[in-house]
Every structure is written in C-alpha cells, then in structure tokens.
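Asker: A single structure is presented below for examination.
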There are 2 protein chains.
Amino acid sequence: MVSKNQIKLITSLQQKKYRKQEQLFIAEGIKVVQELLFSNFELLYLFTTKQDFLDVSKDKVHAITDSELKKISALANPNTCLAVFKMPNPKEWNENGLILALDDVRDPGNLGTIIRLCDWFGIETLFCSEESVDIYNPKVVQATMGSISRVNIVYGDLELFLKESSLPVFGTFMDGNNIYQEKLPKEGIIVMGNEANGISPSVEKLVSQRIAIPRFGNLQLTESLNVATATAIILSEFKRS
Amino acid sequence: MVSKNQIKLITSLQQKKYRKQEQLFIAEGIKVVQELLFSNFELLYLFTTKQDFLDVSKDKVHAITDSELKKISALANPNTCLAVFKMPNPKEWNENGLILALDDVRDPGNLGTIIRLCDWFGIETLFCSEESVDIYNPKVVQATMGSISRVNIVYGDLELFLKESSLPVFGTFMDGNNIYQEKLPKEGIIVMGNEANGISPSVEKLVSQRIAIPRFGNLQLTESLNVATATAIILSEFKRS
C-alpha cells in the first residue's frame, strides 16, 4: 500500500527543489537499493512488488502492486522496488590525493558514470560546480549503481574552490600536453568541462596544467570524446603511474 | 509537409525488422544529420523545422512544423531535423591493426559511445555479435554523434570470427593480468562483454590473453566499470604505448 500523501511526496522528489526542501531522494531497482541499504544512508520507506528485504525493519517496508509502483516511479519501465532515503551530510574532507572537479556537467548519465569511475579509481572527493546536475536526480542515482554511497560529493563555487586550493589544477584542452607523456602527480585537482562547451573561460584561467588525450583516428573529424569516457582515460592515466 | 505514407515508413524504422527490410535508418538532430550528410551515406529525405541545408538537393528537403516532427521523431524531445538515410554496405576490411569485438552489448548508449571511441582511437573495424544492439537503432545513431560514418561495423557470428582469426584475442576478466604492466601488440582482437554477464563462456574459451583494469578504490565493493568506460581505458592503453 502506498498512501496518497506518499505518492505526492515521492513524485515531488523527481524535482530538485523538493529534494532539497525535504532532504530526501529516491532510488530504484534492487541492485541500487540494496547497495544503499548496505551503506550508511538512512532509509525512510521501501516499496516492493517482489523481494523480501530481511535486514530492513518491517515498519519501513511496504508491499505494493505493479500499478502502484508505476505511480511513484521515475522510470519509463519501473523495476520491482523503490526506496526513499535521507540525504546524508557531506563528510569532512581533506585536500589530499586526487580530487575530481566538474565544471557544469549536465547529463545525469554522465554524472552517474563519473561517480562510478571515482569509486573504481579511489577518488575520494568529487567537487561539482553549482550548475552541475544534482547527484540526487533519480537518473544519476540509477547510473551510479550504488557508488554514490562511497564517494564524497560536494557542491559549491568551483572558481572559489580552485582559487583557494594550493594543489595543481589540471584541465583538458585540444592544445594541452600529451597526457601519455606527462609526469602526473599523486595530488591535484582534475577539472572536467561541460558536455557542449568544455571548461568555461573563467575556470580555464585557473588551470595550471593543460593536458590532452591524443586522437589516433586517421581523419581529423572526430570532434571530441564524451566527458565520461574522457574522465575514464584521464583517471586511468593518473593512477597507472 | 510530411505525408501519411512517410509517417508510416519513418515510424516503422524505429523497429529493427523494418530497418532491415527497407535498408533505411533515421538520424535526428542537426549535428548528427550534418555529419552524415558530409559522409558518403545516401540521403533519402530530410525534414526540418528551421535550418537551411544549402548543399542538399531541394527535392529531398521538406520543411515541416514542430507538431509534424513530433509525429515522426523517436525522441521524447524532438530536435529540429530528422533525416532518412540508406544503409551503406559494409566496406571491405582486412584483418590488420586492432579490431574491437562486442559480445552482446545491448545498451544503445553504450554502443554509440563505443563507436565514438573507435573513431577517436583509429579502430577501423568493430565486429558485433549478432545479439548486440543494432547500430541503426535511433538511440545508437544519436549517441555516435556522426562517428558511425567513419567506423566499419560488421555483424556476425563472433565465435566463428574468433576461431578463424589468427590474431591474438584479448578479453577482460577479474583475474586477468594487470593491463598497465602488459606489453600490448599493435594487432589483435579486443573482446568486450555484455553489460550484465560479461564475456560469455563459449567466447571466453577463445580468449588467448586475459587482461584486467586494476581497481584502486579502498573498499572492494565497486562491482565493475561500465562497458563503455572500460573500453575507453583499454583502447587508450593499447594505443598509448
């Protein structure tokens, strides 16, 4: 059973404004929900059409029908469960190791993939400019496959953050140095730009080291790599050495 | 103007069966359409709400309204143009250089991203198992951003292809050798597996070199990389050396 008030609350959480106001977000699908249950995210409700969740206190689990799930799901093809979690407070974080910073990455799938990459490569902190897509957007939560619980994600003024940091700042540009030939440090900030416009001019001024992923195609027509695949290659290069 | 018969034809092309029967596919959005116009793909129709296409013969261009575009578009938020192209015949291809082979990659966005990566890294041939998603699926065409015209893509029996090839066959497995420490050749076949199941057991038997992308996260919970980001890292490693 899902009450009218719950339907109203849960569908409102598809919008950033209400997520912020309620400090709640939704996660869908058995895999993502289970990963978040195993983390220290606090569960509010869990709606399920199928599975037993043995470790979850019974007052939070609600059996629902497929048609009820359809009413609350953000997905075109709803899964078998949907959970509402409380947003955690960002953890304390230190300026050491590698930090990834996003300059207005807007696509939820890209942000989700990037969070998964941070988790894989042991990047503890992901700094997102305020215009970047919200990590609690249902499509982002979906694409992270649970990694969202293991990366500390901070939103803020990217220019201020770079200005105040003493770490070297890396940015990808067509005219940058070949990343395969650079000596890459263990500490630094790597800035990745917006899907359409790349790194913005005001942030570009704060980049101390311009790097590039060489292109190997015969024709010089390939315009660019997708931001998530470029992030994969860059994090791999920083970590492999 | 778009006629009833055109609407019927174009919407039918959202299904693989009709694409195959008609040997036609659709592309949407100014960027993708323009890239395909500049390639040697043969145009059948071009419908547009806005742009002028000066280089296209007038009898193929049809001005349409937003509501007409909505009727023929495969997108939730239609762009400003939609084109119908004829499928090219696969080019002749030789077994040299690096070949990427996909073992049942099912997600259109992943295939599109992988085609873009092939274009970037100069991989001339992409071999797809018959169960892989169709490259002329509108979502794949969209995600390739035009790269589809620059990579030769072949569908066929992957096991047979690997059996008949004399090239070394690389596959990614958890227990594979650290890719950062391997001497990687200039010629070979790299097999990437299905999103959920990885490389299938029958294909695994034909892999001669097992490789792995090391994981750096502190917690051993990160399950896997997305197939497109794993492909990005692997192609980068093969090409950087």
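No lab work stands behind these numbers, since they all come straight from the coordinates. Everything quoted here is computed from the prediction, not taken from an experiment. Heads up, the Cβs are rebuilt from the backbone with ideal geometry, glycines too, and the neighbour counts pull from every protein chain shown.
Asker: What average count of beta carbons from other chains do you get within 10 Å of the Cβ of residues in A:111-123? Each step should come with its number before you reach the end.
Answerer: Working: counts 0, 1, 6, 1, 0, 6, 6, 2, 9, 13, 8, 6, 2.
Mean shielding by partner chains, rounded to a whole number: 5.
Asker: Separate question: Once the Cα gyration tensor of segment A:98-240 is found, what semi-axes does its equivalent ellipsoid get, as square roots of 5 times the eigenvalues, in whole Å, sorted largest first? Display every interim value, and only then the final one.
Answerer: Working: eigenvalues 94, 63, 47 Å².
Largest first, segment A:98-240 gives 22, 18, 15 Å.
Asker: So, one more: GNM, chain A, Cα, under 10 Å: largest mean-square fluctuation among A:117, A:13, A:160?
Answerer: The residue with the greatest mean-square fluctuation here is A:160.
Asker: Moving on to the next point. For chain B, modelled as a GNM with alpha-carbon contacts under 10 angstrom, which of B:159, B:28, B:124 fluctuates the most?
Answerer: B:159
Asker: Output wanted: per-residue J couplings in Hz (rounded whole) for segment B:161-174, from phi through Karplus 6.51 cos²θ - 1.76 cosθ + 1.60, θ = phi - 60°, x for Gly and Pro.
Answerer: 4, 5, 4, 7, 8, 9, 6, x, 10, 9, x, 9, 9, 3
Asker: Find the Rg to Rh ratio for chain B, where Rh is the Kirkwood radius over alpha-carbon pairs and Rg uses the same atoms. It would help to have the intermediate numbers written out before the result.
Answerer: Values: Rg = 19.8 Å, Rh = 19.2 Å.
Answer for chain B: 1.03.
Asker: Tell me the net charge near residue B:85. Cut-off is 13 Å between Cβ atoms, residue B:85 excluded, with +1 for each Lys or Arg and -1 for each Asp or Glu. Present the calculation step by step, with values, prior to reporting the outcome.
Answerer: Values: positive: B:19, B:60, B:86; negative: B:22, B:28, B:35, B:42.
Combined, the nearby Lys, Arg, Asp and Glu give -1.
Asker: Taking a label point 7 Å from Cα toward Cβ, how far is residue B:14 from its twins in the other copies, in nm, shortest first?
Answerer: Output for residue B:14: 1.8 nm, nearest copy listed first.
Asker: Sort out for me the Cα centre separation of segment A:35-86 from segment B:8-81, rounded to whole Å.
Answerer: The distance from the Cα centre of segment A:35-86 to that of segment B:8-81 comes to 41 Å.
Asker: Which residue of chain B is nearest the rotation axis onto chain A, counting by its Cβ, and what is the distance in whole Å?
Answerer: B:232, 2
Asker: Right, another one. Give me, ordered by chain and number, the residues 5 or more places off residue A:62 or on other chains with an amide H under 5 Å from its own placed amide H.
Answerer: A:46, A:47, A:48
Asker: Search the structure for amide H atoms under 5 Å from the amide H of residue B:73, placed 1.01 Å from N in the peptide plane, and list their residues when 5 or more places away or on another chain.
Answerer: It is none; the list stays empty.
Asker: May I pose another question? Over chain B, what is the mean sequence separation of C-alpha contacts under 8 Å (at least six apart), divided by residue count, expressed as relative contact order in percent?
Answerer: Averaging sequence separation for qualifying contacts and normalising by length gives 20 percent for chain B.
Asker: Beyond a 28 Å Cα-Cα separation, which of these cross-linked pairs lie in this structure: A:16/A:91; A:91/B:139; A:183/B:239; A:186/B:183; A:50/A:86? Kindly include the intermediate steps, with their values, before the conclusion.
Answerer: Working: A:16/A:91 21 Å; A:91/B:139 38 Å; A:183/B:239 18 Å; A:186/B:183 24 Å; A:50/A:86 23 Å.
Listed pairs above 28 Å: A:91/B:139.
Asker: For every other residue with a beta carbon closer than 15 angstrom to the beta carbon of residue A:124, add +1 if it is Lys or Arg and -1 if Asp or Glu, then tell me the sum.
Answerer: On the way: positive: A:91, A:116, A:150, A:186, A:239, B:215; negative: A:92, A:95, A:119, A:187.
In short, +2.
Asker: Per 5 Å bin, what is the whole-percent P(r) computed from every C-alpha pair distance within segment B:4-86?
Answerer: Reading upward from the zero bin: 3, 15, 29, 27, 19, 6, 1.
Asker: I would also like to ask the following. Please report the orientation-averaged projected area of the protein assembly as shown, defined via the convex hull of its C-alpha atoms, in nm².
Answerer: Result: 24.6 nm².
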